[in-house]
Amino acid sequence: MSSSQQIEKEVHFGFLPSLKKDRHFSLTDFILIQTGFGIAAWCFLVGGLTGTMLEGKYALWAILFGNAIPVLLILPMAKFLAKSGLDTFIGSVAALGHRGSQVFFAIFAILNLGWITIALFMLGESAIKLSDHVGLPGFLTTRTSGAPIFAIIFFAISVYIAYSGPIAIKWFTRIGVPAILLILVGLIIVVVGKYGFTKVFASSPVEPLDDFRSGVMLALELNVGLGFSWLPYFGQWCRLAKSESGAINGTFLGYGLLLNVAGVFGAFTALLVGSLDPTDWMIEAGGTAFGLLGLVLLVLANLTSAVVLMYSQALSLKTVFPRASWMKAVATVLPAAILMLSPAFYDAYGKFLLYVSFIMATFGGILVVDYLMRRGRIEVGALYDGGNSHYRYWKGFNPAAIVALVVSAAFYWWTYNPVTGAMGPLFKYLAAGIPSFFVAGIVYYVVAVTVFRSAYERDRLWQNRLSAGEKAPVMLDPGQAYPGLVAAAQEGEA
Amino acid sequence: MAFSRRIGAHTESDDPFIRDLYRELVSRLREMRDQPEQAEPSNWRAWIVPFASCLVIAIIFFAYLYPQF
């Protein structure tokens, strides 16, 4: 099968709801895949950031709490996507409307550019340290010129691999996933064997905030950002689960708990070495030989992360817009190159995480409450039909979701302003991301059952038909709304 | 645009990719209607591990860390 046929097959597969015959993932598969793909640059960086702000004993609990609780809060989406067999963006149509889910996809794609930049700039940082060691010219060893040059060269290579399709990616993940796991094992050996936990817990952070409480809450908020960030990625794995229980527990154990091993050891290494950047840890903690090996592994791991992120973004775009060409779909990642021109974006990783926290907590609150409000009953056929369905709402946007989004955004920015870093009165007690999740959910529920009650009328009728014991109808007003659908259905039945 | 036209129109599209895609969709929707449980359903027991883990983490966080603020 050619590469384009493989891509076409994957688009088919990503677009369509998966059936029993397509589902191969058990609980163990979930844990392995989510840990393998989830543990990457961002885990070490968020751990490193936490370790530069807090002592070891506080960093440990800030990381565990900050990642596990957000994943638990958005976990009902894992059950829904496993049950329906849908990708996240198709599944989100019920809550956001057809056009609203496209906006959600666009926001995801923009944030994805940030994740790609972080992975590739860290690769650039690793490459300049290797260049320095092998004696390459000076401009290739500095983070202002060398790191962007390497990041952009490897960006071009990543785009080419992502464009080449799933076969090339399969080979890369076979190298990249073991590479990142080897780095993690190396860090654990160094922390436990060379230094010991006593030294870790006795070490002081290099950049603590003046106010201890604010420091804990800020570190917590950064981890909350990573925890909520998995929301758009739930669908691609959960829809392949053999059981809902496997999806629920696998998602939680993978993203909510096991991923924290990388964050926690990242924090411990940052405490020992005094830097949040994993590229600084390698030679400092492991010595020259192991350090250089670590840097090479970091290059491979980040290259793989970038390729997987690019491929996922392109494939998701094809799922939402099946008519888009593969080249155009891959080209949507190109703006990331602009972010790699200087270290500014990479250095603002903490700020980026706060934006992710604000956006994904808000969307998470809306999606989860919508799912619970409908008691888990969503008309899958209507999710695919923007022309005439009960999820069309107002020109494809759900007004209740828009109101919830605006109120929750205002609440987040009042609690914590990610631009200026100004903390509101609640931040020291509650942080911002988790309460914003609840604000979004509560506001969505209240306006959906009061002000915008009429927007849900068709769904209520459908729900009533289900409650009356009718077999789940996949077509509404079939004679009028979907003549082609009826014809195709009859053809299939015949 | 994927969601801006009716499914029925897509099943009669001139583009073989779109036509096949939506015909397959219709076939799958029918199968889901006839057999709604495509994944083994879960009950409250599926939530024990996530809730218990978070409860332990939250208790330690609030009981051990919060008083030190």
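Please note which helices (runs of 4 or more DSSP H) are completely contained in the range A:341-401 and include at least 2 residues that are surrounded by fewer than 22 Cβ atoms within 10 Å (Cβ to Cβ).
A:344-347, A:349-373
Applying the selection to the range A:313-340, what residues are out of contact with any Leu (no Cβ under 7 Å at 6 or more places or on another chain) and surrounded by fewer than 20 Cβ atoms within 10 Å (Cβ to Cβ)?
A:Phe321, A:Arg323, A:Ser325, A:Trp326, A:Met327, A:Lys328, A:Ala331, A:Leu334, A:Ala337, A:Ile338
Does any residue of the range A:27-40 turn out to be within 22 Å of B:Ala39 (Cα to Cα), buried (at least 22 other Cβ atoms within 10 Å of the Cβ), under 19 Å from the mean Cα position of the chain (by Cα) and not small (Gly, Ala, Ser)?
The answer is yes; a qualifying residue exists.
Please state which one of A:Ala168, A:Ala151 is at pLDDT 85 or above and not in a loop (DSSP other than H, G, I, E, B).
A:Ala151 is the lone residue from the list that is at pLDDT 85 or above and not in a loop (DSSP other than H, G, I, E, B).
Residues that are modelled with pLDDT under 90, among the aromatic types (Phe, Trp, Tyr), over 18 Å from A:Ala285 (Cα atoms) and surrounded by 14 or more Cβ atoms within 10 Å (Cβ to Cβ): does the range A:194-215 have at least one?
yes
Does A:Lys242 meet the test of being charged (D, E, K, R), under 30 Å from A:Leu27 (Cβ atoms) and surrounded by fewer than 24 Cβ atoms within 10 Å (Cβ to Cβ)?
yes
Filter the range A:430-474 down to residues that are under 26 Å from the mean Cα position of the chain (by Cα), within 14 Å of chain B (Cβ to nearest Cβ) and surrounded by fewer than 20 Cβ atoms within 10 Å (Cβ to Cβ), then give me how many there are.
The number of residues fulfilling the criteria is 1.
Can you tell me how many residues in the range A:72-100 are aliphatic (A, V, I, L, M) and either without any contact (Cβ under 8 Å) to a residue 24 or more places away in the chain or within 8 Å of chain B (Cβ to nearest Cβ) (or both)?
Qualifying residue count for the region: 4.
Which helices (runs of 4 or more DSSP H) sit wholly inside the range A:179-242 and have at least 3 residues that are within 14 Å of chain B (Cβ to nearest Cβ) and within 26 Å of A:Leu111 (Cβ to Cβ)?
In the range A:179-242, the matching helices (runs of 4 or more DSSP H) lie at A:212-228, A:234-238.
Going through the range A:243-267 one residue at a time, which ones are touching a Cys at 6+ places or on another chain (Cβ under 9 Å), assigned to a helix (DSSP H, G or I) and among the aliphatic types (A, V, I, L, M)?
Hits for the range A:243-267 are A:Ala247, A:Ile248, A:Val261, A:Ala262.
Here's a check for you: in the range A:268-280, which residue that is in contact (Cβ under 8 Å) with a residue 24 or more places away in the chain and part of a helix (DSSP H, G or I) is surrounded by the most Cβ atoms within 10 Å (Cβ to Cβ)?
By that ranking, first place goes to A:Ala270.
Do any helices (runs of 4 or more DSSP H) lying entirely in the range A:423-471 carry at least 1 residues that are closer than 21 Å to A:Pro76 by Cα, and which ones are they?
A:433-449, A:457-467
The values are calculated or read from the model by the stated rules, or taken from the named source; none is laboratory data. Bear in mind that the values here come from a model prediction, so they are computed numbers and not experimental data. Backbone-built Cβ (ideal geometry, glycine too); neighbour counts: all protein chains shown.
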